[in-house]
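Right, one structure below, let's go through it.
The values are calculated or read from the model by the stated rules, or taken from the named source; none is laboratory data. Since the model is a prediction, treat every value here as computed from it, not as a measurement. For neighbour counting, all protein chains shown are included, and Cβ atoms are generated from backbone atoms with ideal geometry for every residue, glycine included.
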Amino acid sequence: MRKIIHIDMDAFFAAVEQRDDPALRGRPVAVGAGSGRGVVMAASYEARPFGVRSAMPSATAKRLCPELVFVPSRMEVYRAVSREIRAVFAAHADAVEPLSLDEAYLDVTRAADAAGSATVIARRIKADIRAATGLTGSAGVSINKFLAKLASDMDKPDGLTVIRPEEADAFVTALPIARFHGVGPVTARKLAAMGLATGGDLRAAGFDTLVRRFGRHGARLWAIAHGRDERRVDPARLRKSVGCERTFATDLRGRAALVDALRPIADTLERRIRDAGVRPLTLTLKVKDDRFRIQTRARRSAGPLVAAADLHGLGAALLDEADLARPVRLLGLTGSQFEADSPQGDLFAEPPP
């Protein structure tokens, strides 16, 4: 039986800012641009009772919490802190699978056999992270990735939750489907329309019913409703895409203005591609208009797309395939389908916004 820990740092970006600036401690803090069409990248726990959440428009966040303090992001600092955290993981785990700057799965099966308990190891990891960085993280401990992920979210911030093998069945049976990791709002609504609200309901629905309705995803729903997750912690997990997007302070009209706006996006994307050590073959353009309609256009290149000039040129060509009748509020470029011989790169490299 495997012993898996999921670590999720608490309000990571905001916590780093509060750590580094004592004047921010105890105050509601949002990382991101506080003016124009900025978006909240992270919110401190002091801001969350007001309803402030990541990915929320900054204007909405400010209305919900007039005392909210906005601070600009410092990605290089967050990446440096992530490396410190990763070093703690490596000192304790048999295998580590980073998911983002502030989150990872750890397989401690053999380490726990030596130490006596995966729970003891999780406590040590939390203590070592605090000693190294001054920050807190929440940990979930269980027999697979699905349950460990759920557990880490049950007692935040600075929590430690254990779902033991003998507890897994009852836990998943009573769990609302909306809390299942990997079940989005659309799927949750479809399941609710079928009269399915909990893990127990998914079990009762049966494997065949779920597969007929949802295909392969239905098979996974049935498995996790039984607390089953055979995915291994994969240290070699590769990024599938690298992207960059920008929301404009003023809507843009006309192809010429959009082509100009793509230049800094392409410049940033080149840097992120080089940081990640990958060589994408496909470029996807994202366009969001003033009515929040999103269009995407993609094209595969004969060779790797790394240089900003190539990214910009293909992005401009993709603009010609999009409907640009409405004013545009956001543009984005994403590279994917990496060349097979691309190196792994830094999994803690700066992610797309």
Among (1) modelled with pLDDT of 95 or more; (2) of a type in the set (S, T, N, Q); (3) on the phi > 0 side of the Ramachandran plot, which single condition is Gln337 missing? (1)
Flagged pairs (Cβ under 7 angstrom, 6 or more apart or on separate chains; first in segment 193-210, touching a residue at least 12 places away in the same chain (Cβ under 8 Å) and charged (D, E, K, R); second surrounded by 14 or more Cβ atoms within 10 Å (Cβ to Cβ) and not in a helix (DSSP H, G or I)) are Arg203/His226
Do you know which residues across segment 42-72 are part of a loop (DSSP other than H, G, I, E, B) and buried (at least 21 other Cβ atoms within 10 Å of the Cβ)? Ser44, Glu46, Ala47, Val52, Leu68
Since Leu150 meets every condition but one in (1) exposed (fewer than 15 other Cβ atoms within 10 Å of the Cβ); (2) under 11 Å from His6 (Cβ atoms), which condition does it not meet? (1)
Which residues, counting only those in segment 76-98, are surrounded by fewer than 15 Cβ atoms within 10 Å (Cβ to Cβ) and closer than 30 Å to Glu46 by Cα? Glu76, Val77, Ala80, Arg83, Glu84, Ala87
Apart from one, (1) surrounded by 14 or more Cβ atoms within 10 Å (Cβ to Cβ); (2) touching a strand residue (DSSP E or B) at 6+ places or on another chain (Cβ under 6 Å) all hold for Gly36; the odd one out is (1)
Would you mention how many residues in segment 209-260 are among the hydroxyl-bearing types (Ser, Thr, Tyr) and within 25 Å of Thr187 (Cβ to Cβ)? 2
Using beta carbons and a limit of 7 Å, which pairs, at least six apart or on different chains, have the first residue in segment 99-113 and in the same structural domain as Ile4 (by TED's automatic domain parsing) and of a type in the set (S, T, N, Q) and the second one surrounded by fewer than 22 Cβ atoms within 10 Å (Cβ to Cβ) and part of a loop (DSSP other than H, G, I, E, B)? Ser100/Pro351; Thr109/Arg2; Thr109/Asp94
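Looking at Ala15, Ala23, which is the one that is free of Cβ contacts under 8 Å to residues at least 24 places away in the same chain, assigned by TED's automatic domain parsing to the domain that holds Tyr105, outside any loop (DSSP other than H, G, I, E, B) and aliphatic (A, V, I, L, M)?
Numbers: Ala15 fails: free of Cβ contacts under 8 Å to residues at least 24 places away in the same chain.
Only one candidate qualifies: Ala23.
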Scanning segment 268-295 residue by residue, the ones that are farther than 13 Å from Ser336 by Cβ, surrounded by 14 or more Cβ atoms within 10 Å (Cβ to Cβ) and among the β-branched types (Val, Ile, Thr) total 2
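Condition check ((1) farther than 30 Å from Ile177 by Cα; (2) crowded, with 20+ Cβ neighbours inside 10 Å; (3) within 18 Å of the chain's Cα centre (by Cα)) across all residues:
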| residue | (1), (2), (3) |
| --- | --- |
| Gly227 | no, yes, no |
| Arg232 | no, no, no |
| Pro235 | no, no, yes |
| Ala249 | yes, no, no |
| Arg255 | yes, no, no |
| Arg263 | yes, no, no |
| Ala266 | yes, yes, no |
Search segment 49-68 for residues that are more than 13 Å from Gly32 (Cβ to Cβ) and pair each with any residue that is of a type outside the set (Asp, Glu) and assigned to a loop (DSSP other than H, G, I, E, B) when their beta-carbon atoms are under 7 Å apart and the residues are at least 6 apart or on different chains. Phe50/Pro28; Phe50/Cys65; Leu64/Gly51; Leu64/Val52; Cys65/Pro28; Cys65/Ala47; Cys65/Val52; Glu67/Pro28
If a residue has to be small (Gly, Ala, Ser) and without any contact (Cβ under 8 Å) to a residue 60 or more places away in the chain to count, how many in segment 114-140 make the cut? 7
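So that you can scan it fast, the table gives a plain yes or no per residue for (1) farther than 23 Å from Glu76 by Cα; (2) over 22 Å from the mean Cα position of the chain (by Cα):
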position	(1), (2)
Arg2	yes, yes
His6	yes, no
Ala15	no, no
Leu24	no, yes
Pro49	yes, no
